[in-house]
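Asks: What follows is a structure written as structure tokens; I'll ask about it next.
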Amino acid sequence: MAKTTRDTEEVLQSAGETITYLREYLRLQLDYLRLDLAERTAKVASALVAVLAVGALLSFSLFMATVALALFLGQLWGSYALGFLAVAGLYASLAVLLSIFKEQWLTNPLLGRLLRAFFNDITEADNHETQYPQS
């Protein structure tokens, strides 16, 4: 009978250690997920800031080029109003084209890039774990 009590105590102790290891594993997994989320968030935020900065500079450049084109056409045609009207017509035409082809020109390419970037990160992490398994 004493042997059974000792076996039971060993099993209970082993189960307690297993629960302790399980809690530690879950805590470490949660920490890993937090770090992974922080890394992905930082990458997205830095990419967004870069895109906004480049977009702002390109917008300013486009604005200056548009004014220069309008002034050039106005001088060429003898009326600055006609030059600016021609540039406005060009922008209106581009807006109509963009609204018609927005899926092909904007949505699909941007979504494709975003998905490739997201799943590339996951694939690279999976490959790293496959090459260097944690013991």
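The values are calculated or read from the model by the stated rules, or taken from the named source; none is laboratory data. Note that the structure is a prediction, hence the values are computed from the model and not measured. Every residue, glycine as well, gets a Cβ built from its backbone with ideal geometry; the counts of neighbours run over all protein chains shown. Only protein heavy atoms, including side chains, enter the accessible area calculation; ligands, DNA and RNA are left aside. Shrake-Rupley method; radii C 1.70, N 1.55, O 1.52, S 1.80 Å.
Asks: What is the one condition in (1) within 22 Å of the chain's Cα centre (by Cα); (2) open to solvent by less than 100 Å² (accessible area, probe 1.4 Å); (3) modelled with pLDDT of 95 or more; (4) not β-branched (Val, Ile, Thr) that Ala38 does not satisfy?
Replies: Unmet condition: (3).
Asks: What is the residue count in segment 57-94 for residues that are within 27 Å of Arg113 (Cβ to Cβ) and either among the acidic types (Asp, Glu) or open to solvent by 60 Å² or more (accessible area, probe 1.4 Å) (or both)?
Replies: 10
Asks: What are the residue pairs meeting all of these: first residue in segment 12-26, first residue at positive phi, second residue open to solvent by 100 Å² or more (accessible area, probe 1.4 Å) and in a helix (DSSP H, G or I), Cβ atoms under 9 Å, and 6 or more apart or on different chains?
Replies: Within 9 Å, no pair qualifies.
Asks: Still on this structure: Considering only segment 19-36, I want to know if a residue exists there that is over 30 Å from Phe119 (Cβ atoms), out of contact with any Gly (no Cβ under 6 Å at 6 or more places or on another chain) and β-branched (Val, Ile, Thr).
Replies: Checked segment 19-36: at least one residue is over 30 Å from Phe119 (Cβ atoms), out of contact with any Gly (no Cβ under 6 Å at 6 or more places or on another chain) and β-branched (Val, Ile, Thr).
Asks: Out of curiosity, is Thr66 over 26 Å from Tyr91 (Cβ atoms), assigned to a helix (DSSP H, G or I) and of a type outside the set (Lys, Arg)?
Replies: no
Asks: So, one more: Somewhere in segment 56-70, is a residue in contact with a Gly (Cβ under 6 Å, 6 or more places away or on another chain) and not aromatic (Phe, Trp, Tyr)?
Replies: Yes: segment 56-70 contains one or more residues that are in contact with a Gly (Cβ under 6 Å, 6 or more places away or on another chain) and not aromatic (Phe, Trp, Tyr).
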